[in-house]
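One structure below.
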């Protein structure tokens, strides 16, 4: 290693860092341990690391650790490169010391490329103390905010948008603000997590969904992907079609992170998107707390010229058939199913030396019955698997794909250990394990 050129050694160091540090779509590990390990190997590695600005562009500030001097040194080592910033704000903070660190970082706000904020605050307005109102060069923003005090209907002012980000293309917001942005003309993907429902448990969600879509229509003319989900008790509400403005560039609507059937019904009924060609269901919608009459989904009318399709991912086979039965025009739709996610199991079992398929006869019988129901009732189904070329999914087969062939594919090509019995012992754990497959 001592003979390696400095440029090559620098590239190796950068590749050792955790992935996705510059992409707020993903949760990331703190690169600090990797950076420290590199610097401690030998004097040459230490020197090369300190002369590699790209190694130091991820800046994490936490109101429990990191001194002013450490932050200043990291900013110096990063040179003039764009910064990927993460703020982690806990309630029991050392506000005086954190204010100094925050002020030092704020001086470089024009270099911020991405911003992740995880915070616990007493009231929504407290967030504005730490997040700049103008993010001139930020392209990716993620807000995950917990509010400790319940917000009343009369406190709507604290939920007003306050961030201007003219170059922002991605935003994920789990915050007390319905829509946190005042100026974002280039936004292409917005993930609304919770959409500011905390503190409004007794309100119908229909008007809030309509307000969000109205804001997106007005402020984000280039929006292509909208992901919606929610938390808390939900009531969908009724909204007439003419009340909702159009999202002219929207191509993908995604329901994720336990959406409710009333809100799914409300959004599908009210949304107007002339370019929409993909509706995704990622994860099981919330079922508990609703009457049977609430567990329905309206007909999904995708413009024929868009060659629209429906994608199901992260949903077990038993729930897939239930969802399809609740869509009146499912037989007319092009339905795509992530094959790896429809059967619970542990994909790492084979690597640990555990045997092959661990399917009981009862489980096999139930899976086969549901598979045959899909074959019979969803003629345009496509079963998808990870592409052999890497990245994305590819079609394994359609309605003529046999159940046994699909199971063989999971077992042989992917090395999946389909230990279904674990599902009945611990459904939550088994489900989480299987969703760990990276597609």
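Any chance the stretch 330-350 includes a residue that's at pLDDT 50 or above, over 25 Å from residue 280 (Cα atoms), out of contact with any strand residue (DSSP E or B) (no Cβ under 7 Å at 6 or more places or on another chain) and in a loop (DSSP other than H, G, I, E, B)? Working first, answer last.
The first filter runs over the stretch 330-350 and keeps only residues at pLDDT 50 or above, leaving 330-344.
Those left that are additionally over 25 Å from residue 280 (Cα atoms): none.
Scanning the stretch 330-350, I find no residue that is at pLDDT 50 or above, over 25 Å from residue 280 (Cα atoms), out of contact with any strand residue (DSSP E or B) (no Cβ under 7 Å at 6 or more places or on another chain) and in a loop (DSSP other than H, G, I, E, B), so the answer is no.
Of all residues in the stretch 241-271, which are in contact with a helix residue (DSSP H, G or I) (Cβ under 7 Å, 6 or more places away or on another chain) and surrounded by fewer than 17 Cβ atoms within 10 Å (Cβ to Cβ)?
241, 243, 245, 246
Touching a residue at least 24 places away in the same chain (Cβ under 8 Å), more than 21 Å from residue 103 (Cα to Cα) and surrounded by 13 or more Cβ atoms within 10 Å (Cβ to Cβ): is that true of residue 78 in this structure?
So residue 78 fails the test.
Quick test for you: out of 401, 384, pick the one residue that is modelled with pLDDT of 85 or more and in a loop (DSSP other than H, G, I, E, B). Walk me through how you get there before you give the answer.
Values: 384 fails: in a loop (DSSP other than H, G, I, E, B).
Within the list 401, 384, the selection yields 401.
Only one of 177, 138, 151, 85 is modelled with pLDDT of 90 or more, touching a helix residue (DSSP H, G or I) at 6+ places or on another chain (Cβ under 9 Å), surrounded by 15 or more Cβ atoms within 10 Å (Cβ to Cβ) and part of a loop (DSSP other than H, G, I, E, B). Can you tell me which?
On the way: 177 fails: modelled with pLDDT of 90 or more; 151 fails: modelled with pLDDT of 90 or more; 85 fails: part of a loop (DSSP other than H, G, I, E, B).
One residue alone meets the criteria, 138.
Can you say whether residue 74 is under 28 Å from residue 12 (Cβ atoms), modelled with pLDDT under 90 and either part of a strand (DSSP E or B) or touching a helix residue (DSSP H, G or I) at 6+ places or on another chain (Cβ under 7 Å) (or both), as far as the supplied structure shows? Show your work before the answer.
On the way: under 28 Å from residue 12 (Cβ atoms): yes; modelled with pLDDT under 90: yes; either part of a strand (DSSP E or B) or touching a helix residue (DSSP H, G or I) at 6+ places or on another chain (Cβ under 7 Å) (or both): yes.
Considered against the rule, which asks whether it is under 28 Å from residue 12 (Cβ atoms), modelled with pLDDT under 90 and either part of a strand (DSSP E or B) or touching a helix residue (DSSP H, G or I) at 6+ places or on another chain (Cβ under 7 Å) (or both), residue 74 comes out as yes.
Restricting attention to the stretch 103-135, and to residues there that are touching a residue at least 12 places away in the same chain (Cβ under 8 Å) and assigned to a loop (DSSP other than H, G, I, E, B), which single residue is farthest from residue 186 (Cα to Cα)?
If we filter the stretch 103-135 for residues that are touching a residue at least 12 places away in the same chain (Cβ under 8 Å), which is where we start, we get 104-106, 108-125, 127-128, 130-135.
Add one more test, that the residue is assigned to a loop (DSSP other than H, G, I, E, B), and what stays is 108, 122-123, 130-133, 135.
Working: 108: 23, 122: 32, 123: 29, 130: 24, 131: 20, 132: 19, 133: 17, 135: 13 Å.
Filtering first and then ranking leaves 122.
Within the stretch 26-57, take every residue that is part of a loop (DSSP other than H, G, I, E, B) and under 26 Å from the mean Cα position of the chain (by Cα) and give me the one that is modelled with the highest pLDDT.
Here is the first cut: in the stretch 26-57, the residues part of a loop (DSSP other than H, G, I, E, B) are 26-31, 42, 51-52, 57.
Then keep just the ones that are under 26 Å from the mean Cα position of the chain (by Cα); that gives 26-31, 57.
On the way: 26: 83, 27: 82, 28: 80, 29: 79, 30: 78, 31: 80, 57: 89.
Result: 57.
Just give me the residues in the stretch 186-208 being surrounded by fewer than 21 Cβ atoms within 10 Å (Cβ to Cβ), modelled with pLDDT of 95 or more and part of a loop (DSSP other than H, G, I, E, B), in sequence order.
Once the filter is applied, which keeps residues that are surrounded by fewer than 21 Cβ atoms within 10 Å (Cβ to Cβ), modelled with pLDDT of 95 or more and part of a loop (DSSP other than H, G, I, E, B), the stretch 186-208 yields 186, 188.
Working only within the stretch 381-391, note down all residues that are free of Cβ contacts under 8 Å to residues at least 40 places away in the same chain and either surrounded by 13 or more Cβ atoms within 10 Å (Cβ to Cβ) or at positive phi (or both). Step through it out loud before you land on a result.
Start the filter on the stretch 381-391 by keeping residues that are free of Cβ contacts under 8 Å to residues at least 40 places away in the same chain, which leaves 387-391.
Hits for the stretch 381-391 are 390, 391.
List, please: which pairs have Cβ atoms under 7 Å, are six or more places apart or on different chains, and start with a residue in the stretch 289-315 that is within 14 Å of residue 328 (Cβ to Cβ) and end with one that is modelled with pLDDT under 80 and in a loop (DSSP other than H, G, I, E, B)?
Short answer, once both residue conditions are applied: 295/287; 310/300.
Tell me, which residue of the stretch 1-25 that is outside any helix (DSSP H, G or I) and exposed (fewer than 12 other Cβ atoms within 10 Å of the Cβ) is nearest to the chain's Cα centre (by Cα)?
19
Among the residues of the stretch 227-282, count how many are at pLDDT below 75 and not in a helix (DSSP H, G or I).
15
The values are calculated or read from the model by the stated rules, or taken from the named source; none is laboratory data. All of these numbers come straight from a predicted model, not from anything done at the bench. Note: ideal-geometry Cβ built from the backbone for every residue, glycine included; neighbour counts use all protein chains shown.
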